[in-house]
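The values are calculated or read from the model by the stated rules, or taken from the named source; none is laboratory data. All values derive from a computational prediction rather than experimental measurement. Quick reminder, even Gly has a Cβ in these numbers, built from the backbone with ideal geometry, and neighbours come from all protein chains shown.
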Amino acid sequence: MKHRAGFLFLLILFALCLGCGAKKPNIVIVLIDTLRADEVGAYGCPRRVTPNLDALAQKSVVFKNAQAPASWTVPSVTSLFTGVYPWSHGVIYAEVGNGNIKSQQKLSEKFVTLAETLHRTGYTTFCISANYHLHPQYGLAQGFDYDKVFLFTDREPVDRQFALWLPEMQRLQQRGAPYFLYVHYFDPHAPYKYHDDFTPLVNPRITPKEAADWGSVDYNNSIHNGIYYDQPDKMGLIRDLYDGEVMAADDSLGKLLKGLPDLDDSLVIVIADHGEAFGDHHNLSHGLDLYSETLRVPLVVKLPKNAHAGSFIDTPVSLIDLYPTLAALAGAVLPKYLEGADIAPLWLGGKTAQRMLFGMTQRDAAHIWYAAVGPRFKLLFHDSANRYELYDMRLDLREQNNVIKTNMDLARDYRRILSGERRRNPLFNPGVVGAPMSDELRSTLHQLGYL
Ligand SMILES: [Zn+2]
C-alpha cells in the first residue's frame with residue numbers, strides 16, 4: 001500500500017511536470033501599414049491621434065529607433081516573416097496598377113518563416129491582412145493555419161474576421177494551447193479617406209468631397225511631378241486626412257486589444273512596415289527613398305504581465321530582429337541563416353553586440369536606395385544618382401543636416417560595409433506570379449542576382 005501511494009505520488013508529480021515547462025505566451029503582432037514613428041504619441045507626436053497605442057505603450061517596452069528593412073510593404077513584411085534582409089530573401093519587386101497587383105515576386109518555400117517556426121513549436125497561427133501583397137499566392141502564407149487576406153481593404157473586414165476567429169482563440173486559451181496572431185491594417189495607406197468619426201476631430205473644416213479630391217486623385221502622378229510638397233495648404237490637408245486614417249486604425253487596435261482572450265499574459269507587438277513622407281525631403285508616399293520618415297517605424301512590445309513597462313530603448317533595432325526574439329521566447333529552434341538579433345537583452349538591461357542595420361528599396365530604376373544604420377550615424381546611398389548622405393541620428397532624427405563632409409572616414413567605413421552587404425544574393429531564389437516583367441526590369445533584377 002505504501003509503495004502504491006509512493007507510485008501515485010510520483011505519477012502526479014510527473015503529470016504536473018509535463019505542464020511545468022516555461023509556458024509559451026500567446027503572441028500577437030499588429031502591423032499598421034504606413035504608420036510613421038513620429039505620428040505616434042508615445043514617440044512625441046503632439047496631435048494625439050493614437051490614444052490606444054499610447055495606452056498600450058505605457059505597459060510596454062518602446063523602441064525609439066526601430067528601422068524597417070525596406071520602405072514599402074513587400075520587401076519589408078517579407079523580411080519580418082523571414083528574419084533576413086531583402087537582398088537575402090530576394091522579394092523586392094511587385095508591379096501594382098488600378099488597385100490590384102499585376103505581378104509580384106514569390107517567396108521561396110525553402111524559407112522557414114516565423115509562422116512556420118512558431119507552428120512547429122506548438123502554436124496555432126492566424127493571419128488577417130487588409131493588404132493583398134500578403135496573399136498566399138505570393139508565398140507569405142507559409143506557416144499560417146488560418147489565413148485571410150483581403151484585396152486592399154479598410155479595417156472593417158479585418159475586425160469582422162478577428163471576431164469570427166476569436167472563439168477559436170478563446171478555445172485555445174482555455175486549453176492552455178498558445179496561438180500566434182498577425183493582424184495587418186491598411187487604413188493609413190493612400191488613398192487617405194474621410195472618416196465620419198475621426199477626420200472632423202483632426203480638422204473640422206475638411207469635407208468628404210475634399211477628401212475624395214485630395215486623398216487620392218493624381219496622388220501617384222503628383223509624386224513624380226512634385227506638385228504637393230511645396231504647397232503647405234495642400235500638404236496640411238493631406239496630412240490631416242492621413243491623421244484621420246491613423247485614428248481609425250488606432251480605434252480598431254483598441255477594440256482588438258480589448259477582445260483578446262488574455263491580454264495580460266500575452267505578448268503583444270505593434271509595428272508598421274514603413275512610414276510615409278509628407279514633403280520632408282521633397283518627397284511623398286513611400287518606397288521611393290530611405291529617409292527616416294519612411295524607414296523609422298514604431299515598435300511597441302508589451303510583454304506578459306507588462307514586464308519592463310515604461311522602458312524606452314534608444315539602441316537602433318530592425319524589424320528582422322523580431323523573428324529571433326519571438327522564436328527564442330517561444331523556445332523554438334531557429335533557422336541558422338537568420339540575420340537579425342535577439343533583442344530581449346535590451347529590455348533585460350543588457351546590451352546587444354554592436355552591429356550595423358540595413359535597408360533597401362527599388363521601386364524602379366530611378367529609385368534604388370540603400371541604407372546602413374550604425375549606433376549613431378546612418379549612411380544613405382542613392383544608387384540611381386550615385387550620391388551618399390550621412391546623418392547623425394542622435395542630433396538629427398529628421399535627417400535635415402547631411403554631415404558627410406565632416407565625417408568622411410566614418411562614411412567610408414559604412415560605405416565599405418554596405419557595399420559588401422548589398423552584393424549578397426538571395427539564399428533561395430524567388431519565383432514570380434502574374435504578368436511578365438519588362439525586359440529592362442528583368443535585366444536589372446538579373447544583374448542584382450535576384451533572378
Ligand atoms: Zn505598406
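Listed values, structure above:
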| item | result |
| --- | --- |
| Which listed residue is outside any strand (DSSP E or B), more than 24 Å from the chain's Cα centre (by Cα) and surrounded by 13 or more Cβ atoms within 10 Å (Cβ to Cβ), from 424, 398, 415 | 415 |
| Which listed residue, of 70, 94, 66, is farther than 21 Å from residue 423 by Cβ and surrounded by 24 or more Cβ atoms within 10 Å (Cβ to Cβ) | 66 |
| Residue list for region 258-277, restricted to those being crowded, with 19+ Cβ neighbours inside 10 Å and either assigned to a strand (DSSP E or B) or away from the ligand (no atom under 16 Å from the Cβ) (or both) | 260, 266, 267, 268, 269, 270, 271, 277 |
| Odd one out for residue 130, checked against (1) within 16 Å of the ligand (Cβ to nearest atom); (2) over 17 Å from the mean Cα position of the chain (by Cα) | (2) |
| Hits in region 137-184 - residues which are within 23 Å of residue 326 (Cα to Cα) and in contact with an Asp or Glu (Cβ under 6 Å, 6 or more places away or on another chain) | 141, 142, 143, 173 |
| Members of region 341-395 found to be on the phi > 0 side of the Ramachandran plot and either of a type outside the set (Gly, Ala, Ser) or under 23 Å from the mean Cα position of the chain (by Cα) (or both), listed by number | 386 |
| Qualifying residue in region 323-333 (condition: surrounded by 17 or more Cβ atoms within 10 Å (Cβ to Cβ) and assigned to a strand (DSSP E or B)) | no |
| Residue ranges of helices (runs of 4 or more DSSP H) in region 56-164 with at least 3 members touching a Gly at 6+ places or on another chain (Cβ under 8 Å) and touching a residue at least 40 places away in the same chain (Cβ under 8 Å) | 114-120 |
| Residue, nearest to the ligand (Cβ to nearest atom), within region 25-50, restricted to residues that are under 20 Å from residue 306 (Cα atoms) and either modelled with pLDDT under 95 or part of a helix (DSSP H, G or I) (or both) | 43 |
| Verdict on residue 159 being in contact with a helix residue (DSSP H, G or I) (Cβ under 7 Å, 6 or more places away or on another chain), within 16 Å of the ligand (Cβ to nearest atom) and of a type outside the set (Lys, Arg) | no |
| Only listed residue being more than 17 Å from the chain's Cα centre (by Cα), surrounded by 22 or more Cβ atoms within 10 Å (Cβ to Cβ), within 16 Å of the ligand (Cβ to nearest atom) and within 22 Å of residue 34 (Cβ to Cβ), chosen from 290, 319, 284, 295 | 284 |
